[in-house]
Amino acid sequence: MKYVLFICTHNAGRSQMAQAFFERQAPALVRAESAGSEPAHELWPTVIEVMREVGIDLAGRRPRKLTVEMQLHADWAVTMGCGDVCPYVPTMVEAWGIADPAGRPLEEVREIRDQVQEHVERLIIGRLDEIQADRSAHQFRLTKMLPTLVADFEGARSPQEIRACADAILDRYDDVPVRSHILSLANRAARDCLRREYCDALDAV
């Protein structure tokens, strides 16, 4: 499972539209979420209206606050006019120069919607293979896990065993739909495995 994170200032327009178009067009093994650096209280009404025109209902969605955790578990991130707000995304961060629909007339919001859809289609057609193959987020989490595991098991396990175990444990979480607390869960599982005489994670590699 891979995750694409769409980010704009308010998460009330561009990033919500991008998430919706991506969810409709991308394969199930690549999921999307969106957030804002300064989320609004609700989606802009004009955005809901123009998305209904293309068969997508956003009325039940609410803006979400961008968190460090969201950034850390993203495999790919797209910003839309919100500045450098993704310092923790371990893999690709690309920027789309798309205007904010807030306060704009309906016809202009339609144009913005169409621009967002075109960008999403290009992302899926041109970058999907790259997104699915990218291991940067996995490697980032691995480098976060290894120092504490080495400190606890150095001498009892070889460096190769410690790394192989952490790597294999992290692989188990690649397909989970929600990646909250992956590092703490993976750390616990790796410690439990390395403490045992036979580590089943090592047997699998």
- prompt: What are the residues in segment 48-102 that are free of Cβ contacts under 8 Å to residues at least 40 places away in the same chain, over 16 Å from Gln19 (Cα atoms) and in contact with a Phe, Trp or Tyr (Cβ under 8 Å, 6 or more places away or on another chain), if any?
  reply: Val68
query: Hey, among the residues in segment 38-79 that are modelled with pLDDT under 90 and surrounded by 18 or more Cβ atoms within 10 Å (Cβ to Cβ), which one's nearest to the chain's Cα centre (by Cα)?
result: Ala74
field: Where Thr46 falls short, out of the listed (1) within 23 Å of Glu130 (Cα to Cα); (2) not in a loop (DSSP other than H, G, I, E, B)
entry: (1)
task: Of the numbered conditions (1) within 19 Å of Asp114 (Cβ to Cβ); (2) touching a helix residue (DSSP H, G or I) at 6+ places or on another chain (Cβ under 7 Å); (3) hydrophobic (A, V, I, L, M, F, W, C); (4) not in a loop (DSSP other than H, G, I, E, B), Ile56 fails exactly one; give the number of that condition.
output: (4)
message: What's the total number of residues in segment 81-112 that are open to solvent by less than 20 Å² (accessible area, probe 1.4 Å), part of a helix (DSSP H, G or I) and of a type outside the set (A, V, I, L, M)?
response: 0
- request: Being of a type outside the set (A, V, I, L, M), modelled with pLDDT under 85 and surrounded by fewer than 18 Cβ atoms within 10 Å (Cβ to Cβ) is the filter here, so list the residues in segment 162-196 that pass it.
  value: Asp171, Arg172, Asp174, Asp175, Pro177, Ser180, His181, Ser184
query: Among the numbered criteria (1) touching a residue at least 24 places away in the same chain (Cβ under 8 Å); (2) under 17 Å from the mean Cα position of the chain (by Cα); (3) crowded, with 18+ Cβ neighbours inside 10 Å, which single criterion is violated by His119?
result: (2)
task: Among the residues of segment 132-161, count how many are at pLDDT below 85, among the charged types (D, E, K, R) and part of a helix (DSSP H, G or I).
output: 2
- prompt: What residue, among those in segment 3-37 that are open to solvent by 10 Å² or more (accessible area, probe 1.4 Å) and assigned to a loop (DSSP other than H, G, I, E, B), is nearest to Ile124 (Cα to Cα)?
  reply: Ala26
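The values are calculated or read from the model by the stated rules, or taken from the named source; none is laboratory data. Remember, predicted model here, so these are calculated numbers, not experimental data. Cβ: placed from backbone, ideal geometry, glycine included. Neighbour counts: every protein chain shown. Remember, those area values only see protein heavy atoms, side chains included, never the ligands or the DNA or RNA. Shrake-Rupley method; radii C 1.70, N 1.55, O 1.52, S 1.80 Å.
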